[in-house]
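A.B. asks: Following this message is one structure expressed as structure tokens.
The values are calculated or read from the model by the stated rules, or taken from the named source; none is laboratory data. Keep in mind that what you see is a predicted model, and the values were worked out from it rather than measured. Cβ placement follows ideal geometry from the backbone for every residue including glycine, while neighbour counts extend to all protein chains displayed.
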């Protein structure tokens, strides 16, 4: 199924020949954690959801608002994001610098969260200048979260200061 999906989307055969991009299984058990900025319910694994809610509460106590933009994404949903960008005229090469191919998105695990904060545009490097980002850099590890795609990351993705994942 994944191979056929990659062919349909035009994902190059050599997308991960060097092994820098791990593939991820879809989470099986998920719980609702609230709507994102667009009102779409977001889901995470139960352990990640509990840690996310604890981290949000701790940030709130420090005057920081953390909002979820994206949590779990199925393989099919990841494909639909890429299809939408292809249909808008973007090249597959440019899309794959920003979005992982289906099967390779950390969001499939239910342990990755794209985070936003009032005052900065979601999913932009602008988030790096926010108080929320500074707070996350100092505190996210206490809750088991780390930033997945720093500058010059080995996976070859753009710098994503908004993308944090819970390990283990």
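A.B. asks: Within region 53-91, can you find the residues that are touching a strand residue (DSSP E or B) at 6+ places or on another chain (Cβ under 8 Å) and either without any contact (Cβ under 8 Å) to a residue 12 or more places away in the chain or more than 14 Å from residue 116 (Cα to Cα) (or both)? If you could, list the steps in order and put the result at the bottom.
C.D. replies: First, pick out the residues of region 53-91 that are touching a strand residue (DSSP E or B) at 6+ places or on another chain (Cβ under 8 Å): 53, 55, 66-72.
Of everything in region 53-91, those that are touching a strand residue (DSSP E or B) at 6+ places or on another chain (Cβ under 8 Å) and either without any contact (Cβ under 8 Å) to a residue 12 or more places away in the chain or more than 14 Å from residue 116 (Cα to Cα) (or both) turn out to be 53, 72.
A.B. asks: Now for a separate question. Take residue 89 and decide whether it is surrounded by fewer than 19 Cβ atoms within 10 Å (Cβ to Cβ), modelled with pLDDT under 95 and not in a helix (DSSP H, G or I).
C.D. replies: Taking the combined requirement at face value, the residue does not satisfy it.
Residue-wise test of (1) modelled with pLDDT under 95; (2) under 21 Å from residue 34 (Cα atoms); (3) within 12 Å of the chain's Cα centre (by Cα).
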residue	(1), (2), (3)
113	no, yes, yes
121	yes, yes, no
124	no, no, no
130	no, no, no
147	no, no, yes
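A.B. asks: Which one of the conditions (1) free of Cβ contacts under 8 Å to residues at least 24 places away in the same chain; (2) surrounded by 15 or more Cβ atoms within 10 Å (Cβ to Cβ) does residue 101 fail to meet, given that it meets all the rest?
C.D. replies: Against the list (1) free of Cβ contacts under 8 Å to residues at least 24 places away in the same chain; (2) surrounded by 15 or more Cβ atoms within 10 Å (Cβ to Cβ), residue 101 comes up short only on (1).
A.B. asks: If you don't mind, there's one more thing I want to ask. Is it the case, given these coordinates, that residue 118 is in a loop (DSSP other than H, G, I, E, B), touching a strand residue (DSSP E or B) at 6+ places or on another chain (Cβ under 6 Å) and either surrounded by fewer than 18 Cβ atoms within 10 Å (Cβ to Cβ) or in contact (Cβ under 8 Å) with a residue 12 or more places away in the chain (or both)?
C.D. replies: Here the answer is no, as residue 118 does not meet what is asked.
A.B. asks: Determine which single condition residue 73 fails, assuming it passes every other condition in (1) outside any loop (DSSP other than H, G, I, E, B); (2) closer than 23 Å to residue 153 by Cα; (3) at pLDDT 95 or above.
C.D. replies: (1)
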